[in-house]
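*Asks:* Can you read through this structure? Questions will come right after.
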Amino acid sequence: MKRSILLFSTAAALFLTACGGTSDTTGETTSTGVTDILVERGPVLGAIVRDAKGQIGVSKGNGVYSFTSPTYPVESFGGYIDMDRNGVISGGDVAMNTLRLRTQAGNVMTLATTMAQSSTILAALVEDGFSEDEILKTSPSTDIDNAALSDEVYAYCFENNISDPALLGDVDMLTLRTRIQIRKAIYNASQLDSTALEAELMDDLNIAGITEEEIPEVQLSPIQSIVNAIEPVVLSLEQKATLAYMWDEERLARDIYLALNALTPSQTLYNIATKGELQHIASVQTLIQKYDLNIFNTTDYSGAYSEDALEAYNTGVYNTPEITALYSELYTKGEQSLQDALEVGCMVEVTDINDLNTDIKLVQNAEDIRLVFEGLRSGSYNHYWAFDKALKAQGVSEGCCVLGTEFCKTSEEYPVNDKMGSRN
């Protein structure tokens, strides 16, 4: 039987474009128009290729992903190396697993462009005879020296269990520089092309391709692919508790918006509940599943993940007593009028963002959790402004500020992700 990979929902698949990515914009540059980026180890099929603002590249086949005005750096997660170059994921292709690639500019993403994020490593490679164009603009399939570099770095990462080549440092390069030069000489003397040489490398490393039974029937959603492509860390008890609490907090947002919409129908309440909050819940649940947490065992969260147990919870009932009490308080306020219901939205989003600001600092060592939480926060910024706009449309000129200074925010405090606007 072929392995089936679960999609949480269409909304979950939109997570990264709707909610944005990390808040760190250092070194980002934006190109204009449509940009095709070749992702190659050999050609990487079925990857999630994401720019710095959360835009997901559209696969055009053969390792090419198309972006509209991408913001660099662009990063690749997961996927399969197309060993036979037939353009489809098939038996014998090799899973990228947690190996990640990046590029700071241009149309090519390889192990060379990933390493070249370090100016020190780039300078070392140039000193060893590579040109900058060879490193930054060519791919292993078109340049034999790039193929030698790619294969030797891949072997080194595999041997040393390194998933992020961008983190290679001076100590690594002491070994790699010699190894790369040896492989470069061998490849230039060989009569084989880069595809055959890559196949020989996989045999030497004893890396098996996937079987026909392992070909995925259904592609993972972007957030699942990215979370799965990041190495897990050992979570502290506090971090596990934070995941459990955030799952309840995102459920509260969905539940209260739907409940109040049933009393005083509002397109804003309905859209945010059924699109934004649904995907937020799915994103947190992805992490709970990855770390195999039983969030009902608040002693140490051991006992294994259970999707059925999570889905058995009724509206307004939560694992966290404080969340259950908060739901009742918010419902009591929101049921009074449409204005009160929209004000509840402002209150929920500000509370969410305050909690996420604290939680993001707590999970800095867990990149997968940090990335998801930053996405949740970006989405909540947009939800806040949607409620602010809806209140103003009801004649409340102050918008969310009618609730007082604690809930009165500026666009500098809560930046707007333009791609989110149509989804609120």
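*Asks:* Calculated from the structure, percent of Cα pairs over 30 Å apart equals which of [x] 44; [y] 67; [z] 48?
*Replies:* Checking each listed value against the structure points to [z].
*Asks:* Right, another one. Determine ³J(HN,Hα), in whole Hz, for all residues of the range 189-198 in sequence, where each value follows from phi through the Karplus function 6.51 cos²θ - 1.76 cosθ + 1.60 and θ = phi - 60°; x replaces Gly and Pro.
*Replies:* Rounded to whole hertz, the list is 8, 7, 8, 8, 8, 5, 5, 5, 5, 5.
*Asks:* Under a 5 Å amide H to amide H cut-off, with H placed in plane at 1.01 Å, what residues pair with residue 36 once short-range neighbours are removed?
*Replies:* 67
*Asks:* For an R0 of 25 angstrom, estimate the FRET efficiency from the Cβ-Cβ distance between residue 182 and residue 159 and round to the nearest 0.05.
*Replies:* Rounded to the nearest 0.05, the efficiency is 0.95.
*Asks:* What list of ³J(HN,Hα) couplings, whole Hz, do you get for the range 377-393 from phi and the Karplus terms 6.51, -1.76, 1.60, once you set θ to phi - 60° and write x for glycine and proline?
*Replies:* 5, 4, x, 5, 3, 5, 4, 4, 5, 5, 5, 4, 5, 5, 5, 5, 5
*Asks:* Determine the gain in length on full extension of the stretch residue 174-residue 405; use 0.36 nm per residue of separation and subtract their C-alpha separation, reporting nm with one decimal.
*Replies:* 77.5 nm
*Asks:* Picking from 411, 283, 59, which is most flexible by a Gaussian network model of the chain using Cα springs under 10 Å?
*Replies:* Greatest mean-square fluctuation among the candidates belongs to 411.
*Asks:* Then there is this: How much length is gained on full extension from residue 396 to residue 335, taking 0.36 nm per residue of separation minus their Cα-Cα distance?
*Replies:* Value of the extension gain: 20.2 nm.
*Asks:* If you don't mind, there's one more thing I want to ask. Need the C-alpha centroid separation for the range 139-159 versus the range 317-362, integer Å.
*Replies:* 51
*Asks:* Same structure again: I want to verify a result. In a Gaussian network model of the chain, Cα cutoff 10 Å, which of these has the top mean-square fluctuation: 156, 384, 80?
*Replies:* Between 156, 384, 80, it is 156 that shows the largest mean-square fluctuation.
*Asks:* Treat every Asp and Glu Cβ in the range 232-423 as -1 and every Lys and Arg Cβ as +1, leave all other atoms uncharged, and give the resulting dipole magnitude about the Cα centre to the nearest 20 debye.
*Replies:* The dipole magnitude comes to about 460 debye.
*Asks:* Just rank 227, 34, fewest to most, by other beta-carbon atoms within 10 angstrom.
*Replies:* Least crowded to most crowded, the residues run 34, 227.
*Asks:* Would you work out the relative contact order for the chain, in percent, from Cα pairs under 8 angstrom that are 6 or more residues apart?
*Replies:* Contact order relative to length: 17 percent.
*Asks:* Per the Kirkwood definition applied to all pairs of different Cα atoms, how many angstroms is the hydrodynamic radius of the range 10-224?
*Replies:* In the range 10-224 this quantity evaluates to 17.6 Å.
*Asks:* Same structure again: Which Cα, out of 149, 245, 211, lies furthest along the positive dipole direction of the chain (beta carbon charges, K/R +1, D/E -1)?
*Replies:* 245
*Asks:* Let me ask something else about it. As a test of understanding, state the convex hull volume per residue of the range 232-423 from its alpha carbons, in Å³.
*Replies:* Once divided by residue count, the hull of the range 232-423 is 113 Å³.
*Asks:* If amide H atoms are built 1.01 Å from N in the plane of the peptide, which residues on other chains or at least 5 residues away come under 5 Å of the amide H of residue 64?
*Replies:* Answer set, sorted by chain and number: 39.
*Asks:* Sticking with this one: For the chain, what is the mean residue ellipticity at 222 nm derived from helices alone (per DSSP H run of n ≥ 4: -39500 (n - 2.57); sum divided by total residues; nearest 500 deg cm²/dmol)?
*Replies:* -14500 deg cm²/dmol, from helical runs alone.
*Asks:* Positive end of the charge dipole of the chain (Lys, Arg +1 and Asp, Glu -1 on Cβ, about the Cα centre): tell me which of 110, 273, 94 has its Cα farthest that way.
*Replies:* Selected residue: 273.
*Asks:* Which cross-chain or sequence-distant (5 or more) residues have an amide H under 5 Å from the amide H of residue 101, H modelled 1.01 Å from N in plane?
*Replies:* Close amide H contacts, sequence-distant or interchain: 76.
*Asks:* About the Cα centre of the chain, how large is the charge dipole given +1 on each Lys and Arg Cβ and -1 on each Asp and Glu Cβ? Please answer in debye to the nearest 20.
*Replies:* Once rounded to the nearest 20, the dipole reads 840 debye.
*Asks:* Net charge within 14 Å of residue 201 by Cβ-Cβ distance, Lys/Arg positive one each and Asp/Glu negative one each, not counting residue 201 itself?
*Replies:* With Lys, Arg at +1 and Asp, Glu at -1, the neighbours total -4.
*Asks:* Could you compute the net charge surrounding residue 333? Neighbours are other residues with a C-beta less than 13 Å from the C-beta of residue 333; K and R count +1, D and E count -1.
*Replies:* Net charge in that neighbourhood comes out at -4.
*Asks:* For labels at residue 238 and residue 312 in the simple 7 Å Cα→Cβ model, what's the distance in nm?
*Replies:* 3.2
*Asks:* Using a simple charge model, +1 on the beta-carbon of Lys and Arg, -1 on the beta-carbon of Asp and Glu, nothing else, what dipole does the range 10-224 show about its Cα centre, in debye to the nearest 20?
*Replies:* So the magnitude is around 600 debye.
Quick note: the coordinates plus some simple rules give every number you see, no bench work behind them. Everything numeric here is computed off the predicted structure, so don't read it as measured data. Ideal geometry is used to build each Cβ from the backbone, glycine not excepted, and the neighbour counts take in all protein chains shown.
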